[in-house]
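Written out below as structure tokens is the structure these notes cover.
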Amino acid sequence: MNIMMAIIGAVAFLVFAPLIGGLLMGCDRVFTARMQSRVGPPILQPFYDVVKLWHKEKAFSSPVETIFTTAYLVLVAFSGAMLATGGNILLVVFSLTLAHTFLILAAYSANAPFSHIGAERELISVMIMEPALILYAAGIFMVTGSFMLIDVFRMGVPVIVYIPGILLMMFSILLLRLRKSPFDISTSEHAHQELVKGVTSSLSGKNLAKVEVAHWYEAMILIALMILLFSQVYIAAVLMLLVVFFLVLIIDNVFPRVTWQTTVKRIWITTLILGVVNIVILGIFEGVLL
Amino acid sequence: MTSTGKSPWILHYNASSCNGCDIEILAALTPVYDVERFGIINTGNPAHTDIFLVTGGVNEQNKAVLKNLYDQIPEPKVVVAVGICASSGGVFRDCYNISGGVDTIIPVDVYVPGCSVRPEALIEGIVKAIGILEEKRLQLAMKKERNVLEAGK
């Protein structure tokens with residue numbers, strides 16, 4: 001029965017995550033346009049973009065690009081599927097990191113300076129994200145006593161009660177990984193320009209489409225990790241999502257891009273203050289709280 | 001209309017234009033005209049481009065750059081000559097360093113006249129370009145099908 005549930009969860013994630021992710025990106029573009037007093041594109045625009053890219057001519061900077069971008073998409077989807085089965089959080093984190101390694105390799109395989117700078121920055125971005133994700137896993141472990149995500153649902157109260165700092169830390173990571181200003185250092189979303197699209201600058205056609213779909217999967221993984229903290233109170237999770245969505249849009253529209261040095265400093269300081277302090281407090285008062 | 005026509009990403013290159021037409025291209029992207037309504041994004045990257053907007057009469061310095069950018073755009077692609085200089089060389093036609101229009105270097109699909117071009121005319125030109133883009137996509141798909149059939153024989 002458990003295995004059946006796990007398989008259903010994984011398949012549901014693989015099918016619905018890109019649909020919901022794409023719709024979220026579409027909403028993002030419409031809301032951003034409205035904030036700039038424009039009409040904006042149709043809500044299904046991200047899907048049109050991907051289908052169009054799929055029908056473009058094959059043009060590579062290097063033939064290995066196809067292998068690397070496919071590996072990126074497959075591994076990101078795999079991480080998400082594993083998350084949906086309620087499996088081990090550490091495996092999710094590690095396979096997500098491996099997935100990004102392939103994106104970075106795809107960007108490095110092109111003999112182009114913009115692509116290389118983008119790859120370096122993507123590497124920095126993944127490096128910034130990693131400690132936060134490990135802290136997330138540590139937080140879950142300290143509260144539930146296990147790295148299995150399914151155990152979060154066995155708790156009497158939602159884990160957010162014990163690790164609110166982790167949620168706020170994950171918000172800054174979401175900003176970074178959605179490639180939103182001020183942290184869109186490696187590449188940036190839709191109409192924004194950074195390093196002529198940085199890490200994706202030498203990708204085109206089908207390969208770019210794969211990276212785009214993988215991006216939707218990744219966004220859904222991070223959002224799912226945030227929802228998971230509210231395991232039993234789903235109304236709170238929905239409210240949190242709405243607040244996070246609008247905050248991300250407002251921050252994206254209001255703040256200018258910062259340098260990668262500032263990105264490292266700000267997010268690591270946030271991680272340190274919110275994540276580490278939360279875990280330390282939890283460690284000290286473990287006997288009283290849990 | 002297929003997805004190709006609903007998501008035309010543009011690349012804008014200034015081949016020795018006076019910047020008049022370039023300002024109008026950017027004006028089309030502002031809230032007043034908001035061409036993102038039609039899914040149009042200014043990419044600045046030939047690898048991601050569908051519609052190539054060129055302004056200016058093309059001088060000796062940018063011939064090679066223009067050709068290079070054109071070659072880097074994957075099919076299906078459409079070239080729009082924006083402004084009278086890009087269309088025919090305009091008042092600079094007889095200058096010793098001007099080649100006289102974008103079509104002397106790369107094939108042009110749509111000519112948008114004007115000095116400088118009005119955003120309305122530019123949007124009209126891009127709508128025409130989207131029609132041609134759709135046709136080219138269809139041709140590309142048919143060509144691919146033919147190749148598959150021939151390989152089968």
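The values are calculated or read from the model by the stated rules, or taken from the named source; none is laboratory data. Computed from a predicted model, the values in this text were never measured in an experiment. Neighbour counts run over all protein chains shown; Cβ positions are idealised from the backbone, glycine included. Accessible surface areas use protein heavy atoms only, side chains included; no ligands, DNA or RNA. Shrake-Rupley method; radii C 1.70, N 1.55, O 1.52, S 1.80 Å.
With the other protein chains left in place, how much accessible area per residue, in square angstrom, belongs to region A:2-289 at a 1.4 angstrom probe?
That works out to 41 Å² for each residue.
Find the sum over both chains of the accessible area lost when B and A are paired, probe 1.4 Å, and report it in Å² to the nearest 100.
Numbers: alone 8360 and 13320 Å², together 19400 Å².
It comes to approximately 2300 Å² buried between B and A.
Just how far, in whole angstrom, is region A:210-227 from region B:88-139 if you go by their alpha carbon centroids?
40 Å
Using only the Cα atoms of the protein assembly as shown, what semi-axes does the equivalent ellipsoid have when each is the square root of 5 times a gyration tensor eigenvalue? Give whole Å, largest first.
Values for the protein assembly as shown, descending: 46, 23, 19 Å.
From the Cα trace of chain B, what convex hull volume per residue do you get, rounded to a whole Å³? Numbers along the way, then the final one.
Details: hull volume 16.2 nm³, N = 153.
Roughly 106 Å³ of hull volume per residue.
Return the loop-located GluC sites (Glu not before Pro) in region B:1-87 (DSSP other than H, G, I, E, B) with at most 12 other Cβ atoms within 10 Å of their own Cβ; answer none if there are none.
In loop regions of region B:1-87 (DSSP not H, G, I, E or B), the sparsely surrounded GluC sites (Glu not before Pro) are B:E60.
Where Lys and Arg each count +1 and Asp and Glu each count -1, what net charge lies around B:S88 among other residues with Cβ under 13 Å from its Cβ?
That works out to -1.
Put A:K58, B:K63, B:K143 in order of accessible area, largest first, 1.4 Å probe: what do you get?
Descending order: A:K58, B:K143, B:K63.
Counting only protein heavy atoms and using a 1.4 Å probe, what share of the accessible area of chain B belongs to carbon plus sulfur, as a whole percent?
Reported share for carbon and sulfur atoms: 58 percent.
If you count only protein heavy atoms with a 1.4 Å probe, what accessible area per residue comes out for chain B, rounded to a whole Å²?
47 Å²
For chain A, what % of the accessible area comes from carbon and sulfur atoms, probe 1.4 Å?
Numbers: 9560 of 12180 Å².
The C+S portion of the solvent-accessible surface of chain A is 78 percent.
On the full set of protein chains, 1.4 Å probe, figure out the accessible area of A:L241 and give it in Å² to the nearest 10.
In the full protein context, A:L241 sits at about 50 Å².
With the cut-off at 29 Å, tell me which of the pairs A:K210/B:K6; A:K265/B:K6; A:K180/B:K136; B:K67/B:K143; A:K210/B:K77; A:K180/B:K128 have Cα atoms farther apart than that.
A:K265/B:K6; A:K180/B:K136; A:K180/B:K128
With contacts defined as alpha carbon pairs under 8 Å and 6 or more residues apart, what's the relative contact order of region A:2-289 in percent?
Rounded, it is 25 percent for region A:2-289.
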